[in-house]
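A short write-up of the structure that comes next.
The values are calculated or read from the model by the stated rules, or taken from the named source; none is laboratory data. Bear in mind the structure is a predicted one, so any value in this text is a computation, not a measurement. FYI the Cβ positions are ideal-geometry reconstructions off the backbone, even for glycines, and counts take in every protein chain you see. To get the accessible areas, we keep the full protein, side chains included, count just its heavy atoms, and leave off ligands, DNA and RNA. Shrake-Rupley method; radii C 1.70, N 1.55, O 1.52, S 1.80 Å.
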Amino acid sequence: GTLSTRIGEMTNLQMLFLFDNKFDGTIPSEIGKLSFLSFLYTHSNAFTGTIPNEISNLSMLRQWKHFENINTGTLPNDIGNLTNLEILWLSECRFSGPLPPSFYNLTRLQQFHAWSNRDLFQEPFSTGFNGTISSEIGNMKELTSFVVNHNWFQGELPREFGDLIELSKF
(Lines give C-alpha, C1' and ligand atoms only; values in the text may rest on other atoms or scores of the structure.)
Protein backbone atom coordinates (compact mmCIF):
# COMPACT_ATOMS: atom_id res chain seq x y z
CA GLY A 1 0.00 0.00 0.00
CA THR A 2 0.88 3.65 -0.09
CA LEU A 3 1.80 6.07 2.66
CA SER A 4 -1.01 8.40 3.56
CA THR A 5 -0.53 12.15 3.32
CA ARG A 6 -1.73 12.17 6.94
CA ILE A 7 1.75 11.07 7.95
CA GLY A 8 2.52 14.79 8.16
CA GLU A 9 0.15 15.03 11.14
CA MET A 10 2.46 12.91 13.31
CA THR A 11 4.44 16.02 14.23
CA ASN A 12 6.10 14.60 17.38
CA LEU A 13 7.53 11.60 15.56
CA GLN A 14 11.28 11.17 16.11
CA MET A 15 11.81 7.78 14.46
CA LEU A 16 10.02 6.35 11.44
CA PHE A 17 10.88 2.73 10.64
CA LEU A 18 9.03 1.53 7.53
CA PHE A 19 11.73 -0.76 6.16
CA ASP A 20 11.32 -4.26 4.74
CA ASN A 21 7.68 -3.96 3.72
CA LYS A 22 5.75 -3.68 0.49
CA PHE A 23 5.03 0.06 0.54
CA ASP A 24 4.77 1.51 -2.94
CA GLY A 25 3.83 4.74 -4.63
CA THR A 26 5.53 8.01 -3.85
CA ILE A 27 6.74 9.28 -0.52
CA PRO A 28 4.23 12.04 0.29
CA SER A 29 5.55 15.59 0.50
CA GLU A 30 3.85 15.89 3.90
CA ILE A 31 6.75 13.92 5.35
CA GLY A 32 8.56 17.25 5.38
CA LYS A 33 6.32 18.37 8.28
CA LEU A 34 7.95 15.89 10.70
CA SER A 35 10.27 18.49 12.17
CA PHE A 36 11.50 16.28 15.06
CA LEU A 37 12.33 13.28 12.89
CA SER A 38 15.87 12.00 13.51
CA PHE A 39 15.76 8.50 11.98
CA LEU A 40 14.03 7.64 8.71
CA TYR A 41 14.33 4.05 7.48
CA THR A 42 12.39 3.51 4.27
CA HIS A 43 14.59 0.86 2.69
CA SER A 44 13.54 -2.43 1.12
CA ASN A 45 10.15 -1.34 -0.20
CA ALA A 46 8.83 -0.46 -3.66
CA PHE A 47 8.64 3.33 -3.43
CA THR A 48 8.52 4.99 -6.85
CA GLY A 49 8.71 8.48 -8.26
CA THR A 50 10.99 11.26 -7.15
CA ILE A 51 11.94 12.14 -3.60
CA PRO A 52 9.86 15.14 -2.52
CA ASN A 53 11.78 18.38 -2.06
CA GLU A 54 10.08 18.75 1.32
CA ILE A 55 12.31 16.03 2.73
CA SER A 56 14.93 18.78 2.89
CA ASN A 57 12.88 20.37 5.70
CA LEU A 58 13.83 17.57 8.12
CA SER A 59 16.58 19.57 9.80
CA MET A 60 16.86 17.16 12.76
CA LEU A 61 17.37 14.10 10.54
CA ARG A 62 20.51 12.14 11.46
CA GLN A 63 20.02 8.91 9.49
CA TRP A 64 18.13 8.17 6.30
CA LYS A 65 18.39 4.67 4.92
CA HIS A 66 16.52 4.46 1.62
CA PHE A 67 17.93 1.66 -0.50
CA GLU A 68 16.28 -1.14 -2.51
CA ASN A 69 13.42 0.98 -3.87
CA ILE A 70 12.38 2.01 -7.38
CA ASN A 71 12.71 5.78 -7.07
CA THR A 72 13.77 7.83 -10.06
CA GLY A 73 14.96 11.35 -10.66
CA THR A 74 17.51 13.46 -8.89
CA LEU A 75 18.15 14.26 -5.27
CA PRO A 76 16.31 17.35 -4.02
CA ASN A 77 18.30 20.52 -4.73
CA ASP A 78 18.09 21.50 -1.05
CA ILE A 79 19.34 18.17 0.35
CA GLY A 80 22.16 20.18 1.94
CA ASN A 81 19.64 21.62 4.41
CA LEU A 82 19.88 18.31 6.29
CA THR A 83 22.85 19.65 8.22
CA ASN A 84 22.58 17.04 11.01
CA LEU A 85 22.63 14.11 8.60
CA GLU A 86 25.29 11.51 9.47
CA ILE A 87 24.16 8.51 7.40
CA LEU A 88 22.63 8.61 3.92
CA TRP A 89 22.12 5.31 2.12
CA LEU A 90 20.53 5.55 -1.32
CA SER A 91 21.74 2.37 -3.00
CA GLU A 92 19.91 0.10 -5.42
CA CYS A 93 17.25 2.58 -6.45
CA ARG A 94 17.12 4.27 -9.85
CA PHE A 95 18.35 7.76 -8.98
CA SER A 96 20.08 9.78 -11.67
CA GLY A 97 21.65 13.14 -12.30
CA PRO A 98 24.52 14.90 -10.59
CA LEU A 99 24.83 15.36 -6.86
CA PRO A 100 23.31 18.80 -6.24
CA PRO A 101 25.73 21.53 -5.11
CA SER A 102 24.09 21.66 -1.68
CA PHE A 103 25.01 17.99 -1.10
CA TYR A 104 28.49 19.17 -0.19
CA ASN A 105 27.02 21.20 2.71
CA LEU A 106 26.44 17.92 4.58
CA THR A 107 29.55 18.44 6.68
CA ARG A 108 28.43 16.01 9.41
CA LEU A 109 27.88 13.19 6.92
CA GLN A 110 29.87 10.09 7.83
CA GLN A 111 28.45 7.51 5.40
CA PHE A 112 27.19 8.04 1.87
CA HIS A 113 26.26 4.80 0.16
CA ALA A 114 24.74 5.15 -3.29
CA TRP A 115 25.91 2.15 -5.25
CA SER A 116 23.99 0.41 -8.04
CA ASN A 117 21.60 3.14 -9.10
CA ARG A 118 22.33 2.43 -12.75
CA ASP A 119 19.91 0.07 -14.47
CA LEU A 120 19.95 0.02 -18.25
CA PHE A 121 18.09 -3.27 -18.59
CA GLN A 122 14.89 -2.91 -16.61
CA GLU A 123 12.28 -0.16 -16.53
CA PRO A 124 12.38 2.48 -15.29
CA PHE A 125 15.80 2.84 -16.93
CA SER A 126 18.47 4.87 -15.16
CA THR A 127 22.07 5.81 -15.77
CA GLY A 128 22.50 6.34 -12.03
CA PHE A 129 24.15 9.33 -10.45
CA ASN A 130 26.38 11.07 -12.95
CA GLY A 131 28.55 14.08 -13.59
CA THR A 132 31.66 14.90 -11.62
CA ILE A 133 32.32 14.86 -7.92
CA SER A 134 32.92 18.44 -6.79
CA SER A 135 36.08 19.60 -5.07
CA GLU A 136 33.70 20.77 -2.33
CA ILE A 137 33.78 17.19 -1.07
CA GLY A 138 36.86 18.29 0.83
CA ASN A 139 34.51 20.10 3.25
CA MET A 140 32.96 16.78 4.31
CA LYS A 141 35.70 15.99 6.82
CA GLU A 142 33.69 13.42 8.80
CA LEU A 143 33.17 11.05 5.85
CA THR A 144 34.27 7.54 6.70
CA SER A 145 32.65 5.86 3.71
CA PHE A 146 31.75 7.15 0.25
CA VAL A 147 30.55 4.20 -1.83
CA VAL A 148 29.20 5.12 -5.27
CA ASN A 149 30.13 2.22 -7.56
CA HIS A 150 27.86 1.22 -10.46
CA ASN A 151 26.69 4.74 -11.32
CA TRP A 152 27.90 7.02 -14.12
CA PHE A 153 30.32 9.44 -12.44
CA GLN A 154 33.11 10.70 -14.66
CA GLY A 155 36.11 12.98 -14.72
CA GLU A 156 39.01 13.20 -12.35
CA LEU A 157 38.56 12.74 -8.66
CA PRO A 158 39.25 16.04 -6.98
CA ARG A 159 42.51 16.25 -5.06
CA GLU A 160 40.42 17.37 -2.04
CA PHE A 161 39.67 13.67 -1.45
CA GLY A 162 43.08 13.72 0.20
CA ASP A 163 41.64 16.01 2.90
CA LEU A 164 39.21 13.27 3.98
CA ILE A 165 41.49 11.66 6.53
CA GLU A 166 38.65 9.70 8.18
CA LEU A 167 37.69 8.01 4.88
CA SER A 168 38.18 4.25 5.13
CA LYS A 169 35.77 2.97 2.46
CA PHE A 170 35.68 4.33 -1.09
Amide H proximity to Asp119 below 5 Å, modelled H, separation 5+ or other chain, gives Ser126, Thr127, Gly128
If you roll a 1.4 Å probe over the chain with all protein chains in place, what percent of the accessible area is carbon or sulfur? 48
Using 0.36 nm per residue, how much length does the chain from Thr83 to Val147 gain when fully extended, once their Cα-Cα distance is taken away? 21.0 nm
For mean projected area of the Cα convex hull in nm² the list reads [x] 12.8; [y] 17.6; [z] 8.8; the calculated value is entry [z]
Might you tell me the accessible area per residue for the chain, computed with a 1.4 Å probe and given in Å²? 50
Which percent, to the nearest 5, of DSSP beta bridges fully inside region 72-170 are antiparallel? 15
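Tell me the net charge near Lys33. Cut-off is 10 Å between Cβ atoms, Lys33 excluded, with +1 for each Lys or Arg and -1 for each Asp or Glu. Intermediate values should be presented prior to the final figure.
Details: positive: none; negative: Glu9, Glu30, Glu54.
With Lys, Arg at +1 and Asp, Glu at -1, the net is -3.
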